[in-house]
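What follows is a set of notes on a single structure, which appears directly below.
Please treat every number below as a calculation from the coordinates, not as lab data. Because the structure is predicted, anything quoted here is derived from the model rather than measured. Note that we place each Cβ from the backbone using ideal geometry, even for glycine, and neighbour counts take in every protein chain shown.
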Amino acid sequence: MPKIEISDATFARLQGLAVPLVDSNDSVIAKLLDDRENGRLSHPNGAQKPARSAIEPREFTAASPPGLTHAKMLSGSVNGNPIKDVTWNGFLVETIRQAKTAARDESELRRVVPVNFYVQGKKETEGYHFYPDIDLSIQGKDAKTAWLGAYSIAQQLGFRIEVEFQWRRKDGAAFPGVIGKLSA
């Protein structure tokens, strides 16, 4: 049997496509070749654009997601409604927006929202951004903190949340090139 060497980044991408305890490296490569031969993936020369559904996103545990450094959000929804600002902070803000509507008062809002925000006046220093439609200034967060903040709100208020994202192929990315999914 021939032996091949692949980079750590390529190996991580293969792991992202594998079904745990089912697939081997060989079976994942065979599936990719089958998909390509059946026209579901692009040819190396770029002649055909890959179908997004050809590779299902890898699902991760909502309460303890992997590192999301270099992960670009592809889509997100709160209670089944797609978010407009498809960024991690946009997702968090939309979850807070819906929490403000659901909360009885400022005290309850402060209890359920685990990130820094101001309700009195506009603040746009120290990483805060003002959202006039909800009259709140919310401090920006990194991807993982934004997800965990939205997840905490969703758990407390019974919201359904979901995001799809893809890690960029960069040093420091947990799974370079892999498409991931978080939902609760």
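Side notes on the structure shown:
- Axis of helix 8-17 versus longest Cα principal axis of the chain: the two differ by about 80°, to the nearest ten degrees.
- Residue with peak Gaussian network fluctuation, the chain [Cα springs, cutoff 10 Å], from Glu126, Glu59, Glu162: Glu126
- Of the trypsin sites (Lys or Arg not before Pro) found in region 126-184, those that fall in a DSSP loop while having at most 15 other beta-carbon atoms within 10 Å are Arg160, Arg168, Arg169, Lys170.
- Where a label projected 7 Å from the Cα of Thr10 along Cα→Cβ would reach, residues of region 160-184 with amide N under 20 Å: 167-179
- In nm, spacing of pseudo-spin labels at Asp142 and Ser75 (7 Å Cα→C-beta vector): 2.8 nm
- Proximal lysine pairs, the chain, alpha carbons under 16 Å, eight or more residues apart or interchain: 7
- Of all DSSP beta bridges in the chain, antiparallel share, percent nearest 5: 90 percent
- A straight chain from His129 to Ile29 at 0.36 nm per residue would run longer than the Cα-Cα distance by 31.5 nm.
- Listed values (1) 115; (2) 126; (3) 147, entry calculated as volume of the Cα convex hull per residue in Å³: (3)
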